[in-house]
Amino acid sequence: EQYADDFLGVLNEHIDDVAVVEKKSSTVEETLLLFNSGMDVEAIAKHRSLAASTIYTHLAKLIEQKQLDLVAATGLEDKQIKTIENAILADNEAGIKLTKIYESLSGEFEYGVIRCVQAAMLI
């Protein structure tokens, strides 16, 4: 009786923290399910009322977690991947800023695609 309120308060805070983590995780998982069902980035973004950049961020996380292959996620060919990787490595001193990499590639690749290649380079 003496500690019940304090103890339950701590438990409820923990439950709230877990719910936030699960919500973030479930949104990435939902993107994966839709992607695996055959939807592309634009279709997923429209279906979920999210920006395409958000979907690419989800794909990058899935690549980092080894739940998704870079080529499957982006449709890039090996030569294109190498081009992006070289741009990322060349910009290593600048802390790998997406804008600088994007500009060095003359806007040939979307930010999200570059982010996915970065993620693949981390694994």
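The values are calculated or read from the model by the stated rules, or taken from the named source; none is laboratory data. Keep in mind that this is a model prediction, so the values were computed, not measured. Note: ideal-geometry Cβ built from the backbone for every residue, glycine included; neighbour counts use all protein chains shown. For accessibility, only protein heavy atoms count, side chains too; no ligands or nucleic acids. Shrake-Rupley method; radii C 1.70, N 1.55, O 1.52, S 1.80 Å.
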I'd like the accessible area for Thr54: 1.4 Å probe, protein heavy atoms, all chains in place, Å² to the nearest 10. 50 Å²
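Pulled fully out, how much extra length does the chain show between Met121 and Thr27, if you take 0.36 nm times their separation in residues and subtract their Cα-Cα distance?
On the way: separation 94, 0.36 × 94 = 33.84 nm, distance 2.34 nm.
This chain segment gains 31.5 nm when fully extended.
Rank Leu62, Leu50, Leu68 by accessible area, highest first, at a 1.4 Å probe radius?
Leu50, Leu68, Leu62
Mind checking the full-extension length gain between Glu108 and Asp78? Use 0.36 nm per residue of separation minus the Cα-Cα distance, one decimal, nm. Provide the component values of the computation, followed by the final result.
Values: separation 30, 0.36 × 30 = 10.80 nm, distance 1.53 nm.
9.3 nm is the gain from fully extending Glu108 to Asp78.
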Could you check the spin-label model distance between Asp6 and Lys100? Points 7 Å from the Cα along Cα→Cβ, value in nm. 5.2 nm
Provide the three semi-axes, in whole Å and in decreasing order, of the ellipsoid equivalent to the stretch 34-123 as defined by the square roots of 5 times the Cα gyration tensor eigenvalues. 22, 14, 12
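Over the stretch 31-123, average the accessible area per residue using a 1.4 Å probe and give it in Å², no decimals. Mind showing how you got there, number by number?
Numbers: 5420 Å² over 93 residues.
Roughly 58 Å² per residue, with all protein chains present.
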